[in-house]
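Accompanying notes for the structure given below.
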């Protein structure tokens, strides 16, 4: 998988020629080697892409994300039909141990809460009550400490009157960032031959991405941290570009320096191996960035 994020924001045609994406706009013609592309974001309804380009991107495991009329990600395409997917893999997924599911969800939730505490510390907020909730976390989070922390967490970042249900630019940015994150986690799940609809905690029948919604949780605070440091009066293209580029943010995962897009597959492997009883250990330790970068992404059209 490549490292470049290419965003198309205007009337354009995306095609393939001699191993490169060709992006033809009204005023320019750009070439990007397919092997360099990690994400192609189509941020306009006035673009077309050829089947040849779609296939080439799928072959290098690049993800294509389309946004809807509201500017939010609405559809993704990737090499979802992995050659490792089989009735054996899916059959094992259907019979994951309940005790391992409960243990993994506890570890996932604990990591998320620890990372939320890191974000609150980053903005200079009070964390004592959040740590107390983390200390009360039980196996399977049967007392729903995750929800209790969420009610205290977001007001510490965005003000006491903030609500995740409000239709605000900040919430739009959070949702957009979460959608980008979910797409990356789903891709890692699919390429390992598992079903994204079969979750360990999220079980909605109308959600095709229950497992991705479960496993993305520890990395949500990466989005929260970035959004908390922006002055968002409107949900502008610059905000969207920054959220897409969070896949390239540097962090520490299990004491190794890496970027988010590389940490996610390692993390998904650990979780799936634990659920499949390939290993008896799972460690989810994330150290968030010590500063929020304002660098522009590297492929805006």
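Observations
- Annotation note: of 167, 134, the sole residue that is over 20 Å from the mean Cα position of the chain (by Cα) and either surrounded by 12 or more Cβ atoms within 10 Å (Cβ to Cβ) or in a helix (DSSP H, G or I) (or both) is 134.
- Residue in the stretch 6-18 that is part of a strand (DSSP E or B), in contact with a helix residue (DSSP H, G or I) (Cβ under 8 Å, 6 or more places away or on another chain) and closer than 24 Å to residue 172 by Cβ present: yes
- Note on the stretch 181-204: residues that are in a loop (DSSP other than H, G, I, E, B), at pLDDT below 90 and over 16 Å from residue 90 (Cβ atoms) total 2.
- Pair list, Cβ under 8 Å, 6 or more apart: the stretch 163-187 residue more than 16 Å from residue 235 (Cβ to Cβ) and in the same structural domain as residue 147 (by TED's automatic domain parsing), other residue assigned to a loop (DSSP other than H, G, I, E, B) and modelled with pLDDT of 95 or more: 181/216; 182/216; 185/216
- Single unsatisfied condition, residue 160 versus (1) part of a loop (DSSP other than H, G, I, E, B); (2) within 18 Å of the chain's Cα centre (by Cα): (2)
- Test: residue in the stretch 51-63 that is under 22 Å from residue 237 (Cα atoms), touching a helix residue (DSSP H, G or I) at 6+ places or on another chain (Cβ under 9 Å) and assigned to a strand (DSSP E or B): yes
- Check on residue 247, touching a residue at least 12 places away in the same chain (Cβ under 8 Å) and either out of contact with any strand residue (DSSP E or B) (no Cβ under 8 Å at 6 or more places or on another chain) or over 23 Å from residue 39 (Cβ atoms) (or both): no
- Where a residue in the stretch 117-129 is assigned by TED's automatic domain parsing to the domain that holds residue 222 and its partner, wherever it lies, is surrounded by 19 or more Cβ atoms within 10 Å (Cβ to Cβ) and assigned to a loop (DSSP other than H, G, I, E, B), with Cβ under 9 Å and at least six apart: 118/288; 119/288; 122/288
- Against the numbered list (1) over 17 Å from the mean Cα position of the chain (by Cα); (2) free of Cβ contacts under 8 Å to residues at least 12 places away in the same chain; (3) part of a strand (DSSP E or B), residue 32 comes up short only at (2).
The values are calculated or read from the model by the stated rules, or taken from the named source; none is laboratory data. Here the structure is a predicted model, which means the values were calculated and not measured. Positions of Cβ are generated from backbone atoms using ideal geometry, with glycine treated the same way; all protein chains shown enter the neighbour counts.
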